[in-house]
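Right, one structure below, let's go through it.
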Amino acid sequence: MEVSDVRRRLRTAIEHARRRAEERRALKDAQTRAWEQTLQDVVVPTFHLVASALAAEGYRFKVVTPGMTARLVPERGGEEFVEVALDTDGDAPMVIMRSTEGRGRRSVTRERGIAARTAADTLTEETLTDELIAELQPFLER
C-alpha cells in the first residue's frame, strides 16, 4: 500500500468526521432552541398542573426551574426531585427524565429518555404527564 493511498483515505475520513461534527452541532443548536420554547410552553405548565393535582390528593410538591430544566420537588425537604431536561451530550439531543429519591441514608438516582428519544419540539403535554406520573410512583408509595 502506498503512502498516497493512506493519505487519501485519511483525508476522506477527516472530511467525513468534520461534516458529522458540523451536523451534530446544527442539530444540537436547533434542539436547544426548540427545547427553550417547549420548556416554556409545555413542560413548566404541565409541571404546575401535576403539582396542583398532587396537592389536591394531599401530596405537596413545588415546581422549580433551575437553568434549562423543570423540577418537581417534595415540600417536605431533602434532595429529592423529578426533573425533565434536554441532554445534548449524545449523538442526538434527547429529552430526559431524571429523579432522585432518598431511602434512608442513601439516595437512588434514575435517568431515562422520555418516550423513546422524544425530540424537544415534539414533546406533548399528554406524553409528559404520563411519563411524569410513572416517575412519581416511588414518591406516591409513602
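Apply the Debye scattering formula to the chain, with a single equal point scatterer on each alpha-carbon and no solvent, then give log10 I(q)/I(0) at q = 0.16, 0.20, 0.22 Å⁻¹.
Log10 I(q)/I(0), no solvent term: -0.83, -1.17, -1.33.
Taking 8 Å as the Cα distance limit and 6 or more residues as the minimum spacing, I'd like the relative contact order of the stretch 12-79 as a percentage. Before the final figure, lay out each step's value.
Numbers: 43 pairs, mean separation 14.9, N = 68.
Averaging sequence separation for qualifying contacts and normalising by length gives 22 percent for the stretch 12-79.
Using only the Cα atoms of the stretch 1-41, each taken as one equal point scatterer with no solvent, compute I(q) by the Debye sum, divide by I(0), and report log10 of the ratio at q = 0.22 Å⁻¹.
-0.71
Taking only C-alpha pairs under 8 Å that are 6+ residues apart, what is the relative contact order of the stretch 3-140 in percent?
Details: 178 pairs, mean separation 26.7, N = 138.
Value for the stretch 3-140: 19 percent.
Note the per residue figure in Å³ for the convex hull of the C-alpha positions in the stretch 1-70.
Details: hull volume 7.8 nm³, N = 70.
In the stretch 1-70, the Cα convex hull volume per residue is 111 Å³.
Which order do peptides 11-18, 122-129, 56-63 fall in by mean Cβ count within 10 Å, highest first?
Values: 11-18: 10.0, 122-129: 15.8, 56-63: 13.2.
In decreasing order of mean packing, 11-18, 122-129, 56-63 become 122-129, 56-63, 11-18.
By how many nm would the segment from residue 109 to residue 3 grow when fully extended, if each residue of separation counts as 0.36 nm and the alpha-carbon distance is taken off? The partial results should precede the final answer.
Details: separation 106, 0.36 × 106 = 38.16 nm, distance 5.13 nm.
Going from the current span to full extension adds 33.0 nm.
Computed from the coordinates by the stated procedures, all read-outs in this text should not be read as laboratory data. Just so it is clear, the structure is predicted and the values come from calculations on it, not from any experiment. Heads up, the Cβs are rebuilt from the backbone with ideal geometry, glycines too, and the neighbour counts pull from every protein chain shown.
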